[in-house]
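The values are calculated or read from the model by the stated rules, or taken from the named source; none is laboratory data. Since we're looking at a predicted model, the values are computed, not measured. Because the Cβ atoms are built from the backbone with ideal geometry, glycine has one as well, and the counts that use them run over all protein chains shown. Just the protein is used for accessible areas: all its heavy atoms, side chains included, with ligands, DNA and RNA removed. Shrake-Rupley method; radii C 1.70, N 1.55, O 1.52, S 1.80 Å.
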Amino acid sequence: MSSVAVLTQESFAEHRSGLVPQQIKVATLTSEEESDPPTYKDAFPPLPEKAACLENAQEPAGAWSNKIRPIKASVITQVFHVPLEERKYKDMNQFGEGEQAKICLEIMQRTGAHLELSLAKDQGLSIMVSGKLDAVMKARKDIVARLQTQASATVAIPKEHHRFVIGKNGEKLQDLELKTATKIQIPRPDDASNQIRITGTKEGIEKARHEVLLISAEQDKRAVERLEVEKAFHPFIAGPYNRLVSEIMQETGTRINIPPPSVSRTEIVFTGEKEQLAQAVARVKKIYEEKANSFTVSAVSAPSWLHRFIIGKKGQNLAKITQQMPKVHIEFTEGEDRITLEGPTEDVSVAQEQIEAMVKDLINRMDYVEINIDHKFHRHLIGKSGANINRIKDQCKVSVRIPPDSEKSSLIRIEGDPQGVRQAKRELLELASRMENERTKDLIIEQRFHRTIIGQKGERIREIRDKFPEVIINFPDPAQKSDIVQLRGPKNEVEKCTKYMQKMVADLVENSYSISVPIFKQFHKNIIGKGGANIKKIREESNTKIDLPAENSNSETIVITGKRANCEAARSRILSIQKDLANIAEVEVSIPARLHNSLIGTKGRLIRSIMEECGGVHIHFPVEGSGSDTVVIRGPSSDVEKARKQLLHLAEEKQTKSFTVDIRAKPEYHKFLIGKGGGKIRKVRDSTGARIVFPAAEDREQDLITIIGKEDAVREAQRELEAGQPWLHLSFCSVSSQEAQVTMECTIPQKFHRSVMGPKGSKIQQITRDYNVQIKFPDREENPGGEGKEAEPGSPRRCDIILISGRKEKCEAAKEALEALVPVTIEVEVPFDLHRYIIGQKGSGIRKMMDEFEVNRALPPTLPAPRPSCLQSDIIAITGLAANLDRAKAGLLERVKELQAEQEDRALRSFKLSVTVDPKYHPKIIGRKGAVITQIRLEHDVNIQVPSSDRILSQPQDQITITGYEKNTEAARDAILKIVGELEQMVSEDVPLDHRVHARIIGARGKAIRKIMDEFKVDIRFPQSGAPDPNCVTVTGLPENVEEAIDHILNLEEEYLADVVDSEALQLYMKPPAHEESKAPSKGFVVRDAPWTASSSEKAPDMSSSEEFPSFGAQVAPKTLPWGPKR
């Protein structure tokens, strides 16, 4: 049977270990050997003679005779014998067939081993198994279990030894079962029995029983002892950097587990051989007795509020004492008026004297006071980012403790120098008094002025704030489009600031008057002047702002802004420049004001057509509502006269009888109607007397052509247009007669006009489109009371009358539509405490409901608490269209129900529970990146607040607050206490672990060490770089887990250390030392007494020559030399 030899890492190590030292030295020459090269025979020993090889075949001669260990084969063969009486299948007729053959085939397929069965003379069964070691062992176990009858036996060992039989993850038990080909059953931990049951062959049972008893006997030799030692003496037993306890462990071979400072246990655990353990216990007791005799505990009386001054900033005061007497332990107990000192008697007495002197000095020069200030003012006392309170602390050199908002406490404590305490108290009370007298006022300023008041980069508002430093001025967010500016501060200062800002706004309103002046484009450059001299002069003298259109703009309008009188003066000067430069005439025409709108036309189409037809003259109508009939025409004399005639003619037509028709034609066909140079359309106008208006570029309806004039003239123009271009398919859309046109009044209070118009006038535009009417709103009346005195009692105000023009039936329908848009108000009662939730953050909630139901809601004004109960109204007014009010009311009441349910749920969720947990356990409860505490929060749906380490010392650091439902908070508390209970049972143990294997145990990115920590439920800490003891590894966890984890990592150390040693030796063997590589270039391999140096006739062989170094089995051609063949 053939076997395959595989060179593994282990076989290579054995092979290398078989080399004699002389061979290794060949690869690692020292400097002396380099200077004295070896001889040729030493470097190249001759091969043994043939005869010698036959005679001494087992021991080759020469340097090659060094023994090299054989390489182990990876395939092994084992033979098992099953006696006849133990065979399961004894049918001789079916040997090699039946169930026995099927079982063998299954074993071969499952394990990969090769089986051969044969019958011995005694009818026993011989089985030969070949394959890899693991496969052979598994196959053997299956053969015994399935082809051999099974026996069973029990062995009794102490219950505490069972885990050593099982081993880590059951590996030892599996190995034992494979080795003995048995099945070993160990009782469960909750079973009181100590009997281990073994099933298998008699031989296997005996082997397994023997191995189990051996494991138990090894554990019997070990002992465990616990020694109670006061916590204060643990550091003395451990020694600096745990050196003393490590020394005892190394000398006695005993494992000593001292609880870490974070664990409040006094028990020291010893584990090891009984005799050695007794030695270790005796040494620890001796250290304890020596230290106990020279150790004392003392207390110093000191008020608890002075403790942090005794400790000093960052512990500076305390550090001076501890540096002088490092063996003294000083403990401050929160809430107690004493300080505890522990340590050697002499050092304690010295430290006590120093602390007592410090306490006496502090009592003499320190004082404290407590003042009551309503907690609602606390955040104002602190100021933005603590500005106010930090200023008081720095000025008065005191410490001020303001309770957090969650405590709802009004008590403020001031500590420090007596004079500073009095000064700080006075300042804080003054601030509080000022805040009690504080008031808030809303100032209405149009939003368009906000940016001007704030100024560029906030310069102007900064000046106002500097002028009134005690007043806080808040402007609304531009996105809210609110006109309310809020002022808050002392009453007198707020009033002064209000007057100042109102005056500023009045000046802005006065200076914001604006007029537009049409100036012919060709004269703009003359108005500007050379280098802007003319326009600059006009601006300075009239104190106005003058804006001219851009050069590439088609606009001719110049806008003047400033005070009214100044704007009129600037306008006159600009017009005079234009008049001087050109033959510009100005004519005033009197046309009744009621006809102005009809002359201007829709969006100015009619008047624009007259201006364009008359050479671009400017026609200026008076401001709407002024009552003036004067229309000003300005331009070249001839054009002005022409425009005047057309305007008067058109006005006469409008006054007598006017008829209008609209024609629709595609915009691309308009040029055919107009004709070249406007010839065709002018001919129609002259022959009929009707006016034909084409759409301008900015008009929305580009296909609409309007014919205006007397009815017969309009009809004639219509016929001529149709006759001239019949293929254009002109569409006559509407005809209206002046006689059918009426104007109706619709009275709607002015306060509702904005609501009726809708956003950007959308609602009015819709009505005008639907009913084909014109709607005119009156000018806004700034002071309704001024003209109200002149109006007759009961008559509507002029500012409330809306004019509707069009056909009578259409005007009536439009009037009904307008009246339907007037908002109606209803009141809904909602508890006052829910108003702020309905409003939402920055008004988002109320805005959403207003948008959804298309209504407006008015809530009672919110005043700063405390507010009079009479102002806390429960009424919410809803204003909107009647059709929307019912839906809005239902939606509001539904929202109230939701909020009340949320309020009840919030009350249940706000249950608070405090748990007292030692601060040293807080990091473990929080977990890595907050994983543990996050899991508890999510699992129990609670909020957990752990005190931060940077809080004031007087606050309880051991209180963890849990907020949520009562049942959930109790469950979360139990989960936290369970973690604390586990942490209290934990121990820490230092293990010496060779630093060379640390990286392999940790693994890539800590993957391996995390797996070990998760598996054994322990925490493993490796030393940092530069640590005094680089081999010291700390394992923390439950005692049994720590012990198992230490066993595991020590096994890993042993395994990895062997690889490290082998690797280092291999590198030494394979690669020369680094310092040799940096030497001068190598001379090559040099030997002494070589054949070519024996006589001068011979020379060194040529390595490139195939004749000197022929290849095996190849024909070699003789070397040809230039001077002939070699003799």
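Given labels modelled 7 Å from the Cα in the Cβ direction, how far is it in nm from residue 970 to residue 499?
6.6
Strictly over 23 Å apart at the Cα level, which of 138/1017; 376/397; 132/172; 537/579; 481/563; 291/327 would you flag in this model? Each step should come with its number before you reach the end.
On the way: 138/1017 32 Å; 376/397 25 Å; 132/172 20 Å; 537/579 18 Å; 481/563 26 Å; 291/327 11 Å.
Listed pairs above 23 Å: 138/1017; 376/397; 481/563.
Please tell me which of these pairs span more than 23 angstrom C-alpha to C-alpha: 710/808; 810/889; 545/751?
Checking Cα-Cα distances, 810/889; 545/751 exceed 23 Å.
When only the heavy atoms of the protein chains count and the probe is 1.4 Å, how do 853, 694 rank by accessible area, highest first?
694, 853
If the cut-off is 14 Å between C-alpha atoms, which aspartates and glutamates fall inside it for residue 776, apart from same-chain ones fewer than 8 positions away?
624, 745, 800
Pull up the cross-link candidates among the aspartates and glutamates for residue 207, meaning alpha carbon to alpha carbon under 16 Å and not fewer than 8 places away within one chain.
The reachable aspartates and glutamates, counting only those whose Cα sits under 16 Å from residue 207, are 175, 177.
So what does residue 514 come to for accessible area, using a 1.4 Å probe and Å² rounded to 10?
Accessible area of residue 514: about 60 Å².
Based on the alpha-carbon gyration tensor of region 439-520 and its eigenvalue square roots a ≥ b ≥ c, which shape applies: rounded if a/c is under 1.5, prolate if not and a/b is larger than b/c, or oblate?
Note, shape of region 439-520 comes out prolate.
State the percentage of accessible surface on region 974-1028 attributable to carbon and sulfur atoms; use a 1.4 Å probe and exclude ligands, DNA and RNA.
Working: 1750 of 3350 Å².
Roughly 52 percent, rounded to a whole number.
Keeping all protein chains in place, calculate the accessible area per residue for region 1002-1042 (probe 1.4 angstrom), answer in Å².
For region 1002-1042, the per-residue accessible area is 61 Å².
So if each residue of separation counts as 0.36 nm, and I subtract the Cα-Cα distance between residue 561 and residue 160, what length gain in nm does that give?
Additional length available on full extension: 134.2 nm.
Roughly how many Å is it from the Cα centre of region 247-261 to that of region 880-932, as a whole number?
Spelled out, the Cα-based centre of one part sits 54 Å from the other.
Over the alpha-carbon set of region 404-471, work out the extent along each principal axis and list the three values in angstrom, largest first.
Answer, in whole Å and largest first: 52, 27, 21 Å.
Could you name the lysines whose alpha carbon sits less than 22 Å from that of residue 967, not counting residues in the same chain fewer than 8 places away?
The reachable lysines, counting only those whose Cα sits under 22 Å from residue 967, are 912, 978.
For a quick protection proxy, order the peptides 190-197, 165-172 by their average other-Cβ count within 10 Å, most packed first. Intermediate results must be reported in sequence, preceding the final value.
Values: 190-197: 12.1, 165-172: 14.2.
Put in order of decreasing packing, that is 165-172, 190-197.
I want the local charge near residue 588. Using Cβ-Cβ distances under 11 Å, sum +1 for each Lys or Arg and -1 for each Asp or Glu among the other residues. Present the calculation step by step, with values, prior to reporting the outcome.
Details: positive: 634, 644; negative: 586, 629.
My count for the surroundings of residue 588 gives 0.
In square angstrom, what is the accessible area per residue of region 890-989 with a 1.4 angstrom probe?
Value returned for region 890-989: 60 Å² of accessible area per residue.
So how far apart, in nm, are the two label points at residue 450 and residue 797 if each is 7 Å from Cα heading toward Cβ?
Computed distance between label sites residue 450 and residue 797 equals 2.7 nm.
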